[in-house]
């Protein structure tokens with residue numbers, strides 16, 4: 001009885017924690033805000049980073065992170081904002097923005113040379129996603145390099161990995177955001193050999209050994 005009461009109290013407290021943090025992660029306070037002068041983000045403790053104090057931007061397993069400084073020459077800090085595989089909704093047009101595209105936007109604003117250029121970039125970012133798809137071959141060399149890198153990651157072989165499945169969702173969303181066409185995947189020859197070996201040799205062989213052992217011991 002004591003164990004049951006303790007388990008119930010633990011589950012109740014755990015449920016409260018999950019609900020509270022879930023509301024914080026999905027509240028307006030956890031939004032990533034891009035302006036012509038700064039970027040802000042975070043989940044519980046908000047960080048506002050001026051563009052000239054912004055460092056590297058990268059992707060965590062379920063978060064978007066960047067390095068910043070409080071002042072010129074000051075101590076650096078890391079800002080971390082939750083970012084799910086389904087992307088985040090843009091406030092201005094309800095467009096779902098993938099984490100790869102968000103990083104691309106932040107880096108473009110960071111590297112802009114003037115406030116006017118940043119205003120123009122933000123105006124461009126507010127636009128809708130392209131309605132027609134462009135073939136990879138029609139893209140610029142830089143875009144082709146990025147597309148091919150993501151396609152390699154998209155077509156990589158993985159078994160039973162939740163994060164890998166979510167990452168592939170993010171890549172597909174990025175291609176949709178950019179209006180790039182995903183070419184049909186062709187499985188590598190080695191993967192085909194492994195598949196046929198697994199289906200026609202390994203599985204039948206294991207079943208044969210199992211049935212042989214069972215048959216032998218049943219006769220004995």
Checking rank on 100-109, 205-214, with mean other Cβ inside 10 Å and highest first, the result is 100-109, 205-214
Pop the C-beta distance of residue 46 and residue 114 into the FRET formula with R0 = 41 Å and round what comes out to the nearest 0.05. 0.95
Cα gyration tensor, the stretch 27-128 - rounded (a/c under 1.5), prolate or oblate: oblate
Is any residue of the stretch 106-131 close enough, with backbone N under 19 Å, to a label point placed 7 angstrom from the Cα of residue 89 along the Cα-Cβ axis, and if so, which? 126-129
Pop the C-beta distance of residue 96 and residue 13 into the FRET formula with R0 = 35 Å and round what comes out to the nearest 0.05. 0.55
In terms of the alpha carbon gyration tensor, root eigenvalues a ≥ b ≥ c, rounded if a/c is under 1.5 and otherwise prolate when a/b exceeds b/c or oblate, the stretch 130-186 is prolate
Note to self: C-alpha centroids of the stretch 29-84 and the stretch 125-181 sit apart, in Å, by 24 Å
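Read the figures in this text as sums done on the coordinates, not as results from a lab. None of the values given here were measured: they were computed from a predicted structure. Ideal geometry is used to build each Cβ from the backbone, glycine not excepted, and the neighbour counts take in all protein chains shown.
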